[in-house]
1. Only one of (1) within 11 Å of the ligand (Cβ to nearest atom); (2) part of a helix (DSSP H, G or I) fails for residue 40. Which number is that?
2. Does any residue in the range 33-45 that is closer than 13 Å to residue 4 by Cβ come within less than 6 Å, Cβ to Cβ, of a residue that is in a loop (DSSP other than H, G, I, E, B) six or more places away or on a different chain, and which pairs are these?
3. In the range 66-83, what count of residues is obtained for those that are assigned to a strand (DSSP E or B) and either free of Cβ contacts under 8 Å to residues at least 40 places away in the same chain or in contact with a helix residue (DSSP H, G or I) (Cβ under 6 Å, 6 or more places away or on another chain) (or both)?
4. Does the range 17-30 contain at least one residue that is more than 12 Å from the ligand (Cβ to nearest atom), under 21 Å from residue 142 (Cβ atoms), part of a strand (DSSP E or B) and touching a helix residue (DSSP H, G or I) at 6+ places or on another chain (Cβ under 7 Å)?
5. For the range 92-151, please list each of the helices (runs of 4 or more DSSP H) lying entirely inside it that holds at least 1 residues being surrounded by fewer than 14 Cβ atoms within 10 Å (Cβ to Cβ) and at pLDDT 95 or above.
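The values are calculated or read from the model by the stated rules, or taken from the named source; none is laboratory data. As the structure is a prediction and not an experimental result, all values here were calculated from the model. A quick note on method: Cβ atoms are made from the backbone with ideal geometry, for glycine too, and the neighbour counts reach across all protein chains shown.
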Ligand code: SAM
């Protein structure tokens, strides 16, 4: 799978994706990742990528031409969908990450300033994705989140596929509590069952714990929804 990122800060991606599981997958050629400088697709002396908003208002807007031309220049190498990172987009979750991991590639556009000229979305038939209901100052960190979540689902990226199967959100499971040595630290003991060597009991304990965590998570989500409902009534 191939990830092409269009950004005004391509240097941000190298340090993050030289490390860890995804970094090793890039090194081994299981996935490819390239960050492209949007300014290389400008045609003026100042390499300007933004301009004032029509209709007035604060801030600047990303111009359509450099973004569209940057994406078009990648089309030959990358046949995957175009993604615009925007806070109002479709919410990224494990299901969406799994869907995107089936694609041959992704072309990801990182916004800055007040956002991207809306004609980019139309012209590129782009899918808008958000990583959560909060506003960051640019699309680069969201792009990294998206790439990491999708890349680890590409076969061969995570060394032991068993670890994906036991991840939180795989099936209807939630990850269970994990422990490693020492068996006791500052009076805190690892549950006896994990030291018992009895795999049937260990599995049963893990499933119970996972279920408990799932219930906790559902309550928290319910709380958020309830708060929103109440706000709606105000
Ligand atoms: N004025 C815009 C608004 O309220 O929607 C905010 C633009 S934000 C300062 C600049 C860029 O950061 C966006 O175009 C987008 O690419 C990125 N961004 C910010 N928050 C994001 C989020 N939650 N998910 C995805 N991208 C985000």
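1. Among (1) within 11 Å of the ligand (Cβ to nearest atom); (2) part of a helix (DSSP H, G or I), residue 40 violates only (1).
2. 38/8; 38/49
3. The qualifying residues number 1.
4. no
5. Of the helices (runs of 4 or more DSSP H) lying wholly inside the range 92-151, those with at least 1 residues that are surrounded by fewer than 14 Cβ atoms within 10 Å (Cβ to Cβ) and at pLDDT 95 or above span 94-100, 119-124.
This table checks each residue for (1) within 14 Å of the ligand (Cβ to nearest atom); (2) closer than 21 Å to residue 35 by Cα; (3) touching a helix residue (DSSP H, G or I) at 6+ places or on another chain (Cβ under 9 Å).
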| site | (1), (2), (3) |
| --- | --- |
| 95 | no, no, no |
| 112 | yes, yes, yes |
| 120 | yes, yes, yes |
| 128 | yes, yes, yes |
| 142 | yes, yes, no |
| 145 | yes, yes, no |
